[in-house]
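Scroll down for the structure; my scribbles are underneath it.
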Amino acid sequence: MRKGLIVALIHVLLVASLGAKLLVDRATRPRVWARTAPFDPNLPIRGRYVRLRIEGQATGLAADANMVPVTLAVRDDALIIMPAPDQTGLSASSVTRDGVAALDQPLAYFIPEHVPDPSVRAQGEELWVEVTLPRRGPPRPIRLGVKKDGVLTPID
């Protein structure tokens, strides 16, 4: 019984330390709203989440970039995607004419069962996501929002 309680305590401490790290990152790391391109990989069992491709202003990326390692930053309340000097685990492949690039690695944003799919938007609406930018690795989604007529409104 005692050994079982010790193992359970160790598990609780591990989970609590991960939760604390995520809360500290959210409080201290940059946060930014980024436009997304939702997509469905056509998997028959995909769970209750929306897969999102994060878009940002490309700085220093060639128009014909192909799986270029990138790093993320925030400048003037906008997400900036720029080349990285070394491997970061993130990459971008294409830059549009208006200088926008999308990360190759999609994010999963989990949604409750009773909520309609937020990626289905009406004409003239764009889906956005607020993310935290950790030191390394992909952005961490916080919440979704809808931009319509230039006004960004978070979704409950």
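Every read-out reported here was derived from the displayed coordinates using simple, explicitly stated rules and does not represent laboratory data. Bear in mind that the values here come from a model prediction, so they are computed numbers and not experimental data. Backbone-built Cβ (ideal geometry, glycine too); neighbour counts: all protein chains shown.
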Can you tell which of Leu9, Val74, Ala84 lies farthest toward the positive end of the dipole of the chain, using +1 and -1 charges on the Cβ of basic and acidic side chains (Lys, Arg; Asp, Glu)?
Leu9
Helix-only CD estimate at 222 nm, as mean residue ellipticity for the chain, using -39500 (n - 2.57) per DSSP H run (n ≥ 4)
-6000 deg cm²/dmol
Just going by the charge dipole of the chain, with Lys and Arg at +1 and Asp and Glu at -1 on Cβ, which of Thr59, Val115, Ala27 is farthest out on the positive end?
Ala27
Compute the long axis of helix 2-28 from its Cα atoms, compare it with the longest principal axis of the Cα atoms of the chain, and write down the angle in degrees, 0 to 90, nearest 10.
30
Given C-alpha coordinates of the chain, what is the ratio Rg to Rh with the Kirkwood estimate of Rh?
1.04
Can you work out D for segment 82-147 in µm² s⁻¹ from Stokes-Einstein, where Rh is the Kirkwood radius over C-alpha pairs, the temperature is 10 °C and the viscosity is 1.306 mPa s?
112
